[in-house]
Amino acid sequence: MDDMETWPEIEKALTERRRELVLQGLLVDRRISAHGGLTTSIYSLTLLNYLEVSQCPSLTAIHEDIRRLTNLQSLILCRNKIASFPDVISLLGSLKVLDLSVNDLQVLPEGITQLSELNTLNVSCNRLEELPAGLSRCSKLSTINVSKNRITRFPADLYSEKLDLLSSLVASDNAIEELSADVHKLSALKVLDLSGNKLKEIPCDLSDCPKLKEINFKGNKLNDKRLEKMVNGCQTKSILDYLRGKGKERQGEDGGDAEGGRNVDKKKRQQQRKKKDKAADEPDEVEELSKMVVRILHVSEAPTALTVKVMAEVKDVRPYLVCCVVRGMNLKPGNSLKRFLVAQTKLHDDLCGKRTTATIATHDVQLLKGPLTYEVRPPTQLKIVSLGRKEMTAVELMRHLHLEADELRKQKKRQNVTGLHKYLQLLQGKAFYPCLVDAEGLVISFPPITNSENTKIKKTTKELFLEVTSSTSLQTCKDIMDALIIKMAELNKFTAEHREEAGSDGEGEGPPEPAASVETSSELIVQQVRTVDQDGNLKVVYPSKTDLSSHDISNLTIVW
């Protein structure tokens, strides 16, 4: 193929002087494979400020001519097989968002440290063993995601006062052995995820991060076993209070004169006696807080259990699906429903790879009419009452969403869009769209875009039908569903512990109930759901014995 051949998308972008270009999927991947890489004509689009090339396993390297795209603000190169990236990235001085997640990178180019406007760096799911020194020069960094790599330590300058905008640092599932006490210098840090690493200690100085709201250290074998139990079962505030207390104890041990030291020892002995007296009357607080129980209800124990029939045609569109029903999720008190929806969005952005890997949908079981069918329909024949909208065809819905996205860009004067608009490109070029249909033929779910207003969960929902679809693998669906159920168990426990009043956020139907009358049990019941092929042969049942139990969470009990 002639290297100067212009692909139709590139020719159109050049003719219309477009600022955005998205290339993804099988057809693009075939061109890249035949061409031996991206056509160099893409680098003539010097007006681009948003470029995405994703889901192309044949893309293994980026040409140095990318330095010509000096107006780029967002560069999204996720879910490819990129093994190397040129150092000329340093010349992309306007770059704000860099997403190189789910590739084969073993090292990052040093040039990244020269990107003074960079605010989002996502290099998760690669094979990185270290991060380049000098990231503190990227003083506008707000979000760093390096999860699922092989990193053993952070560069010293990552703990820098210069990174005074860094609010989220996600480095789960690596091999990090130490978190420096200098972490307190990250004054804007709100989210810190170091789960699944090799930490032995958590520095007390972490409690000095003034804005820290969410921490995750699960899956680390800590020397302090009480602290290890707390990170698996308690809320962030409790853990930070414990670290703060440890820090004060050490200050008392290390400083002061002999008389002061004796006073500290005396006070400590008095406190220990009080704790023992209290323990005689009350169970250990950590033990109580750390309990999470998920009870599995076998399909044979539920004669009215829902079944989902999977049609053969979905194989070429979005083939993988797992479902289950959850009871005992208390959505009525306070902000519990809002917390659940926020957690679902976070799973979509993180584990689900912004819905490119998988998509979650939730429904009120009482509003479902089974049996259900997972099938495909042409865009003109797929009708759905999507969340917050009137009934329309998929063609109309996609057109509306595209128009909204364009209007949003104009209003906000930026290229990034939010909400459903982020996922429109996932169905680009598809002749058929996947959908979940009820017994009356009504579409209740249109992944990865939306589900139906008719089955939307509310505060009054008592049973939830959970659905996870993917174009990647069945195991991906199971992993996401596992994570969702575990998160639901955590949220339910939080709700039970805090005993918020029902309707206190103003979203409830009717007057608030007194706190004492609100159900405080945190046990979840997960009812198995079978998916079968169109001939009725079993495809998968979730959860099975191998699901959920593989997660090393000490405070989670699975009852079969």
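Structure notes:
- When each of 198/487; 338/487; 96/148; 162/211 is checked by Cα-Cα distance, pairs over 18 Å: 198/487; 96/148
- Highest to lowest packing among 48-57, 182-191, scored as the average C-beta count within 10 Å: 48-57, 182-191
- The range 340-396, dipole about Cα centre (Lys/Arg Cβ +1, Asp/Glu Cβ -1), debye to the nearest 20: 100 debye
- Taking all pairs of distinct alpha-carbon atoms in the range 433-494, Kirkwood radius in angstrom: 13.4 Å
- Of the residues 58, 107, 124, the one whose Cα sits farthest towards the positive end of the charge dipole of the range 1-127 is 124 (charges of +1 on Lys and Arg Cβ, -1 on Asp and Glu Cβ, taken about the Cα centre).
- In this structure, the residue pairs whose Cα-Cα separation is over 26 Å, taken from 309/545; 221/354; 456/545; 221/539; 346/478; 81/221, are 221/354; 456/545; 221/539; 81/221.
- Over 27 Å (Cα to Cα) - which of 315/390; 200/237; 315/383 fall in this group: 315/390
- Placing +1 on the Cβ of every Lys and Arg and -1 on the Cβ of every Asp and Glu, with no other charges, gives the range 82-150 a dipole of roughly 180 debye about its Cα centre.
- The range 12-60 - Rg (one decimal) and Dmax (whole number), Cα, Å: 11.0, 29
- Within the range 1-127, antiparallel bridges make up roughly 0 percent of the DSSP beta bridges whose residues both belong there.
- Hydrodynamic radius of the range 308-380 by the Kirkwood approach over all distinct alpha-carbon pairs: 14.7 Å.
- Per the Debye formula on identical point scatterers at the alpha carbon atoms of the range 1-127, with no solvent, log10 I(q)/I(0) at q = 0.10, 0.11, 0.14 Å⁻¹ is -0.28, -0.34, -0.56.
Read the figures in this text as sums done on the coordinates, not as results from a lab. Because the structure is a prediction, the values reported are computed rather than measured. Note: ideal-geometry Cβ built from the backbone for every residue, glycine included; neighbour counts use all protein chains shown.
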